[in-house]
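The structure appears right after this line, and notes come after that.
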Amino acid sequence: MKIHQTDFSKGSVSSCIMKVSMPLIVAEIVNLLYSMVDRIYIGHIPNEGSLALTGLGLCFPIISLISAFARLYGLNGGAPLCAMARGRGDEDEAGFIMGNSFLLCFLTGAVLTLLTLVFNRPLLYAFGASDLTYPYARDYLSIYAVGSVFVLTTLGMNAFINSQGFASVGMITVLIGAVLNIILDPILIFAFHMGVKGAAIATVISQTCSAVFVLWFLTGKNVELRLSLRYMKLKKARCIKIVSLGLSGFTMGATNSVVQLVCNKAAYIWGGDLYVGVMTILNSVREIFSTPISGIGSGASPVLSYNYGRRDGKRVRKASDVMLLFTLVYSLAAWAVVVAFSHGMAMLFTQDTLMIKAASGALRIYFFGFFFMSFQTAGQQTFVALGKAKHAIFFSLFRKVVIVVPLTILLPYVFGINGVMLAEPISNVVGGLAAYLTMRHVVMPELKGMETL
């Protein structure tokens, strides 16, 4: 099996980033599509689709929280540290980081399975379940929880495949799960009449197969750095380092649930059920258009980390600049598309004329200045890739918790329901510029110092 591996120290920096980013973007889009297909299938279950879909929606904040641990140990924690160690030529330390990250993913997945099974009832009622929707949410979450170990293994360890330059293999990992899920969903939900339970089983089977593939590849002959038992000795200092750096990504994932709850509550208070539905449309469209930005940031991360480990300041600076340029050009184009086709995008999700009209106007407000997301990504991802944990954590909290949540609560008193939508663009401008300008102030002098050595 011939596998292409990107050398982050050679060739054009922009080419390196694109070689890693493109497979990641494709993988994330496919992942997003199968997530949406999941909701469509469940929503079309005869006689109980609406309640089943609502029950599934109640599980999403908890599922997001479980997935956030993969960022903690893998994507934003262990993987950048592993890439930096390899850049320094310290293959042993890179191996121990990967081995420790794997054990943390495995053990955390087991603990989360137990906690979710024991406390699913109070958790789901806390997130808004009723006596009608709880049975559907319970059925889905209880089965999904059993697969937590496989979810964390797939998401967390796939980052170590990408960090070694095997972006196409990382894409295959996601494609395996996505394709299986799309195939199994209608079979289990409709053919076997398993409903929500069928959707959950399909997800667990898909994630299990992806996890097996990840472990097979990382223990095989194609990788320079292999996952082996000798590296699976937990060391307190090493684990603290992994968790400290990964906290920024974990915080972003964990606070998504909080922000969503606050936005939905504010939308209901100021606009009723109609605007709760509008918020669902806004978040869905935002998820679609944010995915390539996330992919470019994830693709730039190993290039930044590896060359930072090599003390190649010029190449690190170039990678950070290229990441900003790529995300800026894309986000400007995305903003123009949303403004031009906001009505059509709303129609993709509903046939309700009132909701289409409300969502169309809300999209233009919500996406105003969307290109400022590029500054947030460039600043935040550079901090993460270079191991600047404190800065990365601060700006994760700053945009969402310090800006979005208070503004979502306060702005409607001045602007009515539109105030709920305004919180997002204001946070993009303030949070994005703050993260990027701080990064330039903190990181660039250090990189220029490397160039003079």
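Overview of results
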{"quantity": "Qualifying residue in the stretch 232-254 (condition: among the small types (Gly, Ala, Ser), more than 29 Å from Leu175 (Cβ to Cβ) and modelled with pLDDT under 95)", "calculated": "yes"}
{"quantity": "The stretch 354-385, residues that are under 18 Å from Gly295 (Cα atoms) and hydrophobic (A, V, I, L, M, F, W, C)", "calculated": "Phe370, Phe371, Phe372, Met373, Phe375, Ala378, Phe383, Val384, Ala385"}
{"quantity": "Any hit, the stretch 77-92, residues being more than 19 Å from Ala300 (Cβ to Cβ), in contact with a Pro (Cβ under 7 Å, 6 or more places away or on another chain) and not acidic (Asp, Glu)", "calculated": "no"}
{"quantity": "Residue that is of a type in the set (A, V, I, L, M, F, W, C), assigned to a helix (DSSP H, G or I), surrounded by 24 or more Cβ atoms within 10 Å (Cβ to Cβ) and modelled with pLDDT under 90, where the choices are Ala159, Ala178, Ala145", "calculated": "Ala159"}
{"quantity": "Residues (in a helix (DSSP H, G or I) and of a type in the set (S, T, N, Q)) located in the stretch 115-142", "calculated": "Thr116, Asn120, Ser142"}
{"quantity": "Condition broken by Met279, with the remaining ones in (1) outside any helix (DSSP H, G or I); (2) surrounded by 15 or more Cβ atoms within 10 Å (Cβ to Cβ); (3) not β-branched (Val, Ile, Thr) satisfied", "calculated": "(1)"}
{"quantity": "Test: residue in the stretch 333-350 that is among the aromatic types (Phe, Trp, Tyr), in a helix (DSSP H, G or I), free of Cβ contacts under 8 Å to residues at least 40 places away in the same chain and open to solvent by 10 Å² or more (accessible area, probe 1.4 Å)", "calculated": "yes"}
{"quantity": "Members of the stretch 237-259 that are polar (S, T, N, Q) and either on the phi > 0 side of the Ramachandran plot or surrounded by fewer than 18 Cβ atoms within 10 Å (Cβ to Cβ) (or both)", "calculated": "Ser244, Ser257"}
{"quantity": "Unmet requirement for Leu234, which otherwise passes all of (1) over 15 Å from Ala159 (Cβ atoms); (2) open to solvent by 50 Å² or more (accessible area, probe 1.4 Å); (3) assigned to a helix (DSSP H, G or I); (4) of a type in the set (A, V, I, L, M)", "calculated": "(3)"}
{"quantity": "Cβ pairs under 6 Å, 6+ apart, first in the stretch 71-83 and closer than 11 Å to Leu152 by Cα, second among the hydroxyl-bearing types (Ser, Thr, Tyr)", "calculated": "Tyr73/Ser101; Gly74/Ser101"}
{"quantity": "Top-ranked residue in the stretch 97-124 [being buried (at least 21 other Cβ atoms within 10 Å of the Cβ) and under 17 Å from Leu218 (Cα atoms); ranked as nearest to the chain's Cα centre (by Cα)]", "calculated": "Cys105"}
{"quantity": "Pairs where the first residue, in the stretch 254-276, is within 16 Å of Phe60 (Cβ to Cβ) and the second is among the small types (Gly, Ala, Ser), C-beta under 6 Å, 6+ apart", "calculated": "Ala254/Ala68; Asn256/Ser64; Ser257/Ser64; Val276/Ala267"}
{"quantity": "Tally, over the stretch 179-197, of residues that are under 25 Å from the mean Cα position of the chain (by Cα) and more than 16 Å from Ala145 (Cβ to Cβ)", "calculated": "7"}
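The values are calculated or read from the model by the stated rules, or taken from the named source; none is laboratory data. These numbers come from a predicted model, not from an experiment. So basically every Cβ, Gly included, is an ideal-geometry build from the backbone, and we count neighbours across all protein chains shown. Accessible surface is based on the protein model in full, side chains and every heavy atom, while ligands, DNA and RNA are left aside. Shrake-Rupley method; radii C 1.70, N 1.55, O 1.52, S 1.80 Å.
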